[in-house]
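The values are calculated or read from the model by the stated rules, or taken from the named source; none is laboratory data. Keep in mind that what you see is a predicted model, and the values were worked out from it rather than measured. Positions of Cβ are backbone-derived with ideal geometry, glycine not excepted, and every protein chain shown enters the neighbour counts.
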């Protein structure tokens with residue numbers, strides 16, 4: 001099992017693991033069969049956690065927290081956290097699908113619109129003929145539907161569940177039902193299904209490498225995303241310097 005290399009950063013923690021180490025750790029969780037909630041952090045989630053104590057508790061209770069955003073890598077440098085690399089949610093999703101196809105692990109896809117999750121299922125099955133999809137469902141449901149959803153997940157005997165909701169809904173939902181679901185590894189993947197299905201486009205590789213994915217997302221939907229990426233990024237920078245000042249005075253709270 002991988003050394004988890006866990007460090008305090010801002011109002012949360014991060015595991016300074018490479019992609020390969022993260023995949024190794026996920027496989028260890030699957031072998032152990034004890035349900036684990038996984039999260040990735042970015043500027044938006046850190047901003048949410050600053051004013052949402054419940055979300056902060058949920059995220060910080062997760063044993064494996066990866067740095068999804070370039071903003072976290074930037075903050076890590078400012079705060080002296082030895083972060084190896086970004087392990088983005090979408091890249092980890094693809095690596096875990098490869099692992100599942102290779103090892104025979106069963107996966108469950110949950111979230112997004114019906115036509116999107118259906119398309120994701122088809123794309124993955126075509127790309128990985130050995131992949132076992134134990135179950136799939138869209139992300140539109142009521143509280144009355146939840147007992148049936150939980151029962152189906154438990155019956156599926158899946159090894160990995162991918163939840164494509166936005167934050168903080170996915171963190172709340174997974175935390176609430178983690179033990180009832182009984183699936184060893186549960187990961188929130190946000191808008192990953194939309195990207196896989198081609199509904200939204202991911203930034204070109206050079207933009208990813210230069211920490212400009214947020215800008216690519218912003219220019220696709222500026223009216224909807226300006227608050228998250230312009231105001232949100234400025235707020236995140238302010239939080240980073242706030243925590244840097246706290247560290248300088250020997251005080252850090254999470």
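One residue stands out among those in the stretch 192-235 that are in a helix (DSSP H, G or I) and at pLDDT 85 or above: the one that is surrounded by the most Cβ atoms within 10 Å (Cβ to Cβ), which is 193.
Filtered by the rule that a residue be in contact (Cβ under 8 Å) with a residue 40 or more places away in the chain, more than 15 Å from the chain's Cα centre (by Cα) and either more than 23 Å from residue 202 (Cβ to Cβ) or surrounded by fewer than 18 Cβ atoms within 10 Å (Cβ to Cβ) (or both), the stretch 94-107 gives 103, 105, 106.
For the stretch 22-51, give me each residue that is in contact (Cβ under 8 Å) with a residue 60 or more places away in the chain, under 16 Å from residue 73 (Cβ atoms) and in contact with a strand residue (DSSP E or B) (Cβ under 9 Å, 6 or more places away or on another chain). The answer is 22, 40, 45, 46. Does residue 111 satisfy being at pLDDT 95 or above, at positive phi and in contact with a strand residue (DSSP E or B) (Cβ under 6 Å, 6 or more places away or on another chain)? Yes, satisfied. For the stretch 46-70, taking the residues that are surrounded by 23 or more Cβ atoms within 10 Å (Cβ to Cβ) and farther than 12 Å from residue 13 by Cβ, the one that is farthest from the chain's Cα centre (by Cα) is identified as 69. Quick check on the stretch 1-21: of everything there that is free of Cβ contacts under 8 Å to residues at least 60 places away in the same chain and touching a helix residue (DSSP H, G or I) at 6+ places or on another chain (Cβ under 6 Å), which residue is farthest from residue 241 (Cα to Cα)? Filtering first and then ranking leaves 1. Among the residues of the stretch 113-126, are any in a loop (DSSP other than H, G, I, E, B), in contact with a helix residue (DSSP H, G or I) (Cβ under 8 Å, 6 or more places away or on another chain) and surrounded by 16 or more Cβ atoms within 10 Å (Cβ to Cβ)? Looking for residues that are in a loop (DSSP other than H, G, I, E, B), in contact with a helix residue (DSSP H, G or I) (Cβ under 8 Å, 6 or more places away or on another chain) and surrounded by 16 or more Cβ atoms within 10 Å (Cβ to Cβ), one finds none in the stretch 113-126, hence no.
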